[in-house]
1. Of the residues that make up the range 84-99, is at least one modelled with pLDDT under 95, surrounded by fewer than 21 Cβ atoms within 10 Å (Cβ to Cβ), of a type outside the set (Val, Ile, Thr) and within 25 Å of residue 169 (Cβ to Cβ)?
2. For the range 186-211, give me each residue that is open to solvent by 30 Å² or more (accessible area, probe 1.4 Å) and either near the ligand (Cβ under 10 Å from one of its atoms) or touching a His at 6+ places or on another chain (Cβ under 6 Å) (or both).
3. Restricting to the range 45-84, count the residues that are under 21 Å from residue 185 (Cα atoms) and either of a type in the set (S, T, N, Q) or free of Cβ contacts under 8 Å to residues at least 12 places away in the same chain (or both).
4. Does any residue in the range 145-168 that is farther than 15 Å from residue 118 by Cα come within less than 7 Å, Cβ to Cβ, of a residue that is of a type in the set (Lys, Arg) and open to solvent by 10 Å² or more (accessible area, probe 1.4 Å) six or more places away or on a different chain, and which pairs are these?
5. Kindly provide the set of residues from the range 119-134 that are surrounded by 17 or more Cβ atoms within 10 Å (Cβ to Cβ) and not hydrophobic (A, V, I, L, M, F, W, C), ordered by number.
6. Return yes when residue 157 is open to solvent by 40 Å² or more (accessible area, probe 1.4 Å), within 30 Å of residue 63 (Cα to Cα), of a type in the set (D, E, K, R) and touching a strand residue (DSSP E or B) at 6+ places or on another chain (Cβ under 7 Å) and no when it is not.
7. Considering only residues that are near the ligand (Cβ under 6 Å from one of its atoms) and either open to solvent by less than 10 Å² (accessible area, probe 1.4 Å) or among the polar types (S, T, N, Q) (or both), which ones fall in the range 8-18?
8. Report whether or not residue 21 is more than 24 Å from residue 250 (Cβ to Cβ), more than 9 Å from the ligand (Cβ to nearest atom) and buried (at least 20 other Cβ atoms within 10 Å of the Cβ).
Amino acid sequence: MTLLVTGGAGYIGSVVVERALGRGHRIVVIDNLQEGHAAAVPSECQLVQADYGDRAALDAIFSTQPIDAVVHLAAETTVATSVSDPAIYFQNNTVNGVALLDAMRRHGVMRLVFSSTAATYGEPVTVPMTEEHPQQPINAYGESKLMFEQIIRWYHRAYGLKSASFRYFNAAGATESRGEAHRHESHLIPLILDVAAGDRPSVNIYGSDYPTRDGTCVRDYVHVSDIADAHLLALDALDQLGLDWFNIGTGTGNSVAEVVTAVERVTGHPVQAIRAERRPGDPATLVASSDRIRQVLGWSPRYADLDEIIATAWRWRRQNPTGYGD
Ligand SMILES: NC(=O)c1ccc[n+]([C@@H]2O[C@H](COP(=O)([O-])OP(=O)(O)OC[C@H]3O[C@@H](n4cnc5c(N)ncnc54)[C@H](O)[C@@H]3O)[C@@H](O)[C@H]2O)c1
């Protein structure tokens, strides 16, 4: 297939591109590089540096490239900012998304794999969370993604769009050549690795009074290459699926305090962790039920162990101490 990957210069997108190339797909990436890195995009791919909501840029791609399907990862992704400044989340994650869908329609491209998020669920009512769990987001990030999931439903019903939406839990880890290097890092594992590497004095643990086993938030960490592989399985199955949603998580939760300890164990370096106030918009526990994706797509994570996942991130970080060097 020829794939258009939005956000393909970003952390997860660049790994999706790497794995898709390995499967023989041709790739065009559209990324405005607000967070992504040109150097993360393999040289075999065309990188179009543009906003994915830009009609002219999209028309130019769709009219010159035989795009079979779109893998849509571009987004604003910081939960805490989405609470204080929701406008950019609805613009980038919802409004731009409609521009993308309409460009797809104009050019007769009717296959989409969409990066949604566990943040669409909100506070867990039952754990692990299945795809049928109520979706009541508690931050604008989750709301903006849920709105786009719902828009996809209508485009399926009215226009025959075929789509799989993946509700990722917490992406982590690295491949041999691609890892996590956000300009405005908010993700726990790279922040802790910075401390272990001596590049940051300490890391904050936001909230120690959650109803969890040690009071800190519990998350389900899933390796980035396992996430990428789910996309490839979905692309193969899209025509049969029609319209579907899947969690991507391992089904195992680790608390923030446990992640700090695991980083100390894997790296052999002490990590100073400072207990801070809760942040708005953080649910106490997010752990996936991954039964559906295993049963329907035959997916299973190659990395099921947190230490192994952290080890891949640590290796990439030591080999790339300045990230992508930009
Ligand atoms: N990282 C996680 O743990 C996680 C969890 C759940 C869901 N997700 C979703 O996965 C996707 C990828 O996340 P990530 O961690 O790789 O983030 P990322 O910031 O590394 O990647 C997003 C990419 O999209 C690009 N981008 C953003 N807005 C754009 C626009 N308007 N036009 C063109 N490019 C644009 C950025 O430059 C960046 O390269 C996002 O949709 C995110 O919501 C991530």
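The values are calculated or read from the model by the stated rules, or taken from the named source; none is laboratory data. Here the structure is a predicted model, which means the values were calculated and not measured. As a convention, Cβ positions derive from the backbone with ideal geometry for all residues, glycine included, and neighbour counts pool all protein chains shown. Please note that ligands, DNA and RNA were not included when accessible areas were found on the heavy atoms of the full protein model with its side chains. Shrake-Rupley method; radii C 1.70, N 1.55, O 1.52, S 1.80 Å.
1. So far as the range 84-99 goes, yes, one or more of its residues are modelled with pLDDT under 95, surrounded by fewer than 21 Cβ atoms within 10 Å (Cβ to Cβ), of a type outside the set (Val, Ile, Thr) and within 25 Å of residue 169 (Cβ to Cβ).
2. Answer for the range 186-211, where residues must be open to solvent by 30 Å² or more (accessible area, probe 1.4 Å) and either near the ligand (Cβ under 10 Å from one of its atoms) or touching a His at 6+ places or on another chain (Cβ under 6 Å) (or both): 186, 187, 188.
3. Residues meeting the conditions: 5.
4. Short answer, once both residue conditions are applied: 159/105; 162/111.
5. 120, 121, 122, 124, 128, 131, 133
6. Taking the combined requirement at face value, the residue does not satisfy it.
7. Result: 9, 13.
8. No, not satisfied.
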